[in-house]
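Undergrad: One structure coming up, written as structure tokens, with questions to follow.
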Amino acid sequence: MNKVTKHILFSFGLFLCFGFVVLKNKKLLFEYPEYWPIPHYDFSKLSMSENEFQLGRHLFYDPILSRDNTISCASCHTQATGFAHVDHELSHGIDGRIGKRNSMTIMNLAWNTSFMWDGGVNHIELQALAPISSENEMDASLEQVVDKLNASEKYRTLFYNVHNDSIITGQRTLLAITQFVVMLTTSNSKYDKHIRKEVGGEFTEQEKNGLSIFRNKCASCHTEPLFTNNQFENNGLKIDPTLNDFGRQLVTNNPEDSLKFKVPTLRNIQFTKPYMHDGRFETLQEVINHYTSDVQHSNTVSEVLKNNIKLTHREKVDLLVFLRTLTDKEFLFDKRFTFPLKNKQPIKS
Amino acid sequence: MKHMQSKSMNLYFFMAMFIFSFQLVFSQKNTEKLIVNIVPIFNGESILKDTWYVTQSKDSIQLSKLKFYLTNFVLIDKESSTDTIKKQQLIDVFKKKTLSIELSDIIYTNNYVLNFDIGVDEKFNTSGANAGDLDPINGMFWSWQSGYINFKIEGKSPSCTTRKNKFQFHIGGYQKPNATIRTLAFNLASIKEKTLTINLDAYPFFKSIHLDSQNQVMIPGKEANSVANLLPKMFSIHE
């Protein structure tokens, strides 16, 4: 046997060993711009496979997660609005019950260090537990959900495709949801193209001016490139006496955290209305006016808001124009993130 | 020629490694098992569902739930060297098969003390969705504020003015200064037949709890921390 034949046989053997594995469950790559920070999330528990992503996508859009099969994650997290709940101050869940906060966006979560407006959830894999068990949202328990999934042939098959067995556990369910939501990366807005000096990223004078105002007045909390510093701040909103929501203090029991809420990302903010933890502002104009003239002073108000932010009318307009460059239509209309069609099953094993 | 030599060297090396690892797997190590059995009692009586017990402060109670984690088993010998056995077990007093903990790969040389924790340590509280007994499906994980419930005891008592006369103690929290994990130590010198039998007595828990005034702890914090101090008092060697 000459050398060449040996090599061919060896490669063929290797292909036999590994070739099918690759075909069976396509691997996912987690991609993001090279100048971004390294993600906070450690991906090691995920299979990073197309099948797990598709399973997570089915779960995200399936009301099976709620007590009476009426509410899915997507009920309050709509793709076209950055996975926020457009036009709802406070999100409503099961039986039409109203929650006490505005649903957050789901974007670039791999970089988040904590979850929910008060940071009560410490890990992305556990985030879904909160809406599943909240009595105003899905009002179920992970145990009930897993029982329903185990009784479903569709899900037994989908889980089999990921794990090579059809055992459905709480952990596997949470990891599948994580596999989907962690892939929701938005990094192709006009702003991003501008930073990368790509075609389509040419800023007008107004947008350039808006960016420089933003960097001077807003970026200490809404830090680029993720547009959040992952911290909790009191941004000087008046207390809503119908909610009396003291934010992070409810989790930490620390008076220094009174009225502090998670600094949200501003990506796709053009479409994520209404704004603030209780959705009190309908428009971005109202948001900017709050920061320039309506900040309530208290012991815990953010350092940078102790003096009202000063902006001329023209600067406000430029800032608004800049904020629109954070819209990433490729993300908002990415077909991979939409409702999974019935006939479009994930890759079969 | 030189090339050939290094090739056969490689082959010998791999063969040696193969034989070595084979031996490693099948060699007779002196490892054995240690069984830890938990016997749930209330002041000497067995704990059963729908059965009335009287606490030291004269509250009549029935227990409906008694679940807790035992983790981080560490064997310490007389020379103070330690052997840690990775195991987290959720004990459910009303599920018999959870009451026996099997620790394998024990080296019985000079083991002197067995340490273990009541509760789940910080590492698992911050590492996302875990499997097995730590799977959040077991109802021992808080959803609105991430963290394990280390110890859960529920029941009813006419002394409680709560809905359905219920009392609920969900003791958890991993962050200092109110971390609720507690460590126990048991001397192994006198154990018989490689089995350590431990009483879990609910009586001492209610010794300093007056159910008319204290009947619910459901969040981490100072109160949970002080209730956690009662937990080690519930465990003792079965005589």
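All of the numbers you see were taken from the coordinates with simple rules; none came from a lab. These numbers come from a predicted model, not from an experiment. Heads up, the Cβs are rebuilt from the backbone with ideal geometry, glycines too, and the neighbour counts pull from every protein chain shown.
Undergrad: For helix B:2-26, what angle does its Cα long axis make with the longest principal axis of chain B, in degrees from 0 to 90 and rounded to 10?
TA: 40
Undergrad: Take every Cα pair under 8 Å in the range A:106-258 that's 6+ residues apart, average their separations, divide by the length, and report that relative contact order as a whole percent.
TA: Worked out over the range A:106-258, it gives 23 percent.
Undergrad: Additional query: Whole-Hz Karplus ³J(HN,Hα) for the range B:226-237, in order, using 6.51 cos²θ - 1.76 cosθ + 1.60 and θ = phi - 60°, x for Gly and Pro?
TA: Going residue by residue, I get 6, 5, 4, 5, 7, 4, x, 5, 7, 9, 8, 5 Hz, with x marking Gly and Pro.
Undergrad: With a ≥ b ≥ c the root eigenvalues of the C-alpha gyration tensor of the range B:102-239, is it rounded (a/c under 1.5), prolate (a/b larger than b/c) or oblate?
TA: oblate
Undergrad: Now a separate question. Among A:300-311, B:122-133, what's the highest-first ranking by average C-beta atoms within 10 angstrom per residue?
TA: The peptides rank, most packed first, as B:122-133, A:300-311.
Undergrad: While we're on this one: Measuring from the lowest to the highest alpha carbon on each principal axis, how far does chain B reach, largest first, in angstroms?
TA: Cα extents, longest axis first: 91, 43, 30 Å.
Undergrad: Cα convex hull of the range A:266-323: how many Å³ per residue?
TA: For the range A:266-323, the hull spanned by Cα atoms encloses 95 Å³ per residue.
Undergrad: On to the next question. Can you list, bin by bin at 10 Å, the percent of alpha carbon pairs in chain A, starting at 0?
TA: Percent of Cα pairs in each bin: 5, 22, 30, 23, 12, 5, 2, 1, 0.
Undergrad: So, one more: Within 12 Å, Cβ to Cβ, of A:Asp334, how many net charges do the neighbouring residues add up to if Lys/Arg are +1 and Asp/Glu are -1?
TA: Working: positive: A:Arg57, A:Lys329, A:Lys335, A:Arg336; negative: A:Asp328, A:Glu330.
With Lys, Arg at +1 and Asp, Glu at -1, the neighbours total +2.
Undergrad: Would you mind counting up the charge near A:Trp117? Only other residues with Cβ under 15 Å from its Cβ, with Lys and Arg at +1 and Asp and Glu at -1.
TA: Net of charged neighbours comes to -2.
Undergrad: Turning to a different aspect of this structure: Summarise the partner chain shielding of A:169-180 as one whole number: the mean count of Cβ atoms from other chains within 10 Å of each residue's Cβ.
TA: 4
Undergrad: Take the Cα coordinates of the range A:102-171, assign each an equal point scatterer, and use the Debye formula without solvent to give log10 I(q)/I(0) at q = 0.13, 0.17, 0.26 Å⁻¹.
TA: These q points yield log10 I(q)/I(0) values of -0.49, -0.77, -1.10.
Undergrad: Moving on to the next point. Mind putting a number on the dipole of the protein assembly as shown about its Cα centre? Charges go on the C-beta only, +1 for Lys and Arg and -1 for Asp and Glu, and I need it in Debye to the nearest 20.
TA: About 1280 debye.
Undergrad: Also: Provide the net charge surrounding A:Leu237, with neighbours chosen by a C-beta distance below 12 Å and charges set as Lys +1, Arg +1, Asp -1, Glu -1.
TA: Spelling it out: positives minus negatives among the neighbours equals -3.
Undergrad: Along the three principal axes, how long is the range B:69-178 when you take its alpha carbons, biggest first, rounded to the nearest angstrom?
TA: Taking the Cα atoms of the range B:69-178, the three principal extents are 54, 30, 28 Å.
Undergrad: Here is a follow-up. Kirkwood Rh, the range A:165-222, all Cα pairs: how many Å? Walk me through the numbers on the way to the answer.
TA: On the way: mean 1/r = 0.0679 Å⁻¹.
Hydrodynamic radius (Kirkwood, Cα pairs) of the range A:165-222 is 14.7 Å.
Undergrad: Sticking with this one: Tell me, what is the percent relative contact order of chain B, built from C-alpha pairs under 8 Å that lie six or more residues apart?
TA: 23
Undergrad: Determine Rg/Rh for the range A:49-108; Rg is computed over alpha-carbon atoms and Rh is the Kirkwood hydrodynamic estimate from the same atoms.
TA: Rg/Rh for the range A:49-108 comes to 1.00.
Undergrad: Does the protein assembly as shown come out rounded, prolate or oblate by the C-alpha gyration tensor, with a ≥ b ≥ c the root eigenvalues, rounded set by a/c under 1.5 and, if not, prolate when a/b is larger than b/c and oblate if not?
TA: Judged from the Cα gyration tensor, the protein assembly as shown comes out oblate (a/c at least 1.5, b/c at or above a/b).
Undergrad: Take A:Arg67, A:Arg97, A:Arg267, A:Arg324 and order them by how many other Cβ atoms sit within 10 Å, fewest up front.
TA: The fewest-first ordering by Cβ neighbours comes to A:Arg97, A:Arg324, A:Arg67, A:Arg267.
Undergrad: By count of other Cβ within 10 Å, fewest leading, how are A:Leu323, A:Leu174 ordered?
TA: By the 10 Å Cβ count, ascending, the order reads A:Leu323, A:Leu174.
Undergrad: Right, something else. What does the charge dipole of the range A:190-349 about its Cα centre add up to, to the nearest 20 debye, if the Cβ of each Lys and Arg holds +1 and the Cβ of each Asp and Glu holds -1?
TA: 680
Undergrad: Evaluate the relative contact order of the range A:113-184 (contact order divided by residue number), counting alpha-carbon pairs under 8 angstrom at least 6 apart; express in whole percent.
TA: Relative contact order for the range A:113-184 comes out at 23 percent.
Undergrad: Given bins 5 angstrom wide, list per bin the percent of all Cα-Cα distances in the range A:37-83, short to long.
TA: So the P(r) values, bin by bin, are 5, 18, 18, 19, 22, 14, 4, 1, 0.
Undergrad: Note down the Stokes-Einstein diffusion coefficient of the range A:194-298 in µm²/s, whole number, using a Kirkwood radius over alpha carbon pairs, 20 °C, and 1.002 mPa s.
TA: Details: Rh = 15.5 Å.
For these conditions, the coefficient is 139 µm²/s.
Undergrad: I would also like to ask the following. Specify the angular offset, from 0 to 90 degrees and rounded to the nearest 10, of the alpha carbon long axis of helix A:3-14 from the longest principal axis of the alpha carbons in chain A.
TA: 60
Undergrad: Tell me the volume per residue, in Å³, of the convex hull enclosing the alpha carbons of the range B:151-220.
TA: Values: hull volume 9.3 nm³, N = 70.
Considering the Cα atoms of the range B:151-220, their hull volume per residue is 133 Å³.
Undergrad: Mind checking which of B:Leu184, A:Ala80, A:Ile132 is farthest towards the positive end of the protein assembly as shown's charge dipole, using Cβ charges of +1 (Lys, Arg) and -1 (Asp, Glu) about the Cα centre?
TA: Of the listed residues, the answer is A:Ala80.
Undergrad: Pull up the cross-link candidates among the aspartates and glutamates for B:Lys87, meaning alpha carbon to alpha carbon under 14 Å and not fewer than 8 places away within one chain.
TA: Cross-link targets: B:Glu102, B:Asp105, B:Asp117, B:Asp121, B:Asp133, B:Asp135.
Undergrad: If a/c stays under 1.5 just call it rounded; otherwise compare a/b with b/c (prolate if a/b is bigger, oblate if not). Do that for the range A:94-251, with a ≥ b ≥ c from the square roots of the Cα gyration tensor eigenvalues.
TA: Oblate.
Undergrad: Something else: Assigning unit charges at the beta carbon (Lys, Arg +1; Asp, Glu -1) and nothing else, what dipole magnitude in debye, to the nearest 20, does chain B show about its Cα centre?
TA: 420
Undergrad: Quick check on my link table: of B:Lys86/B:Lys194; B:Lys67/B:Lys156; B:Lys156/B:Lys222; A:Lys238/A:Lys306; A:Lys208/A:Lys335, which ones sit more than 21 Å apart, alpha carbon to alpha carbon?
TA: In this structure, B:Lys156/B:Lys222; A:Lys208/A:Lys335 exceed 21 Å between Cα atoms.
Undergrad: Continuing with the same structure: Using Cβ counts within 10 Å as a stand-in for footprinting exposure, how do B:Asp77, A:Asp257 rank, fewest first?
TA: Ascending Cβ contact count within 10 Å gives the list B:Asp77, A:Asp257.
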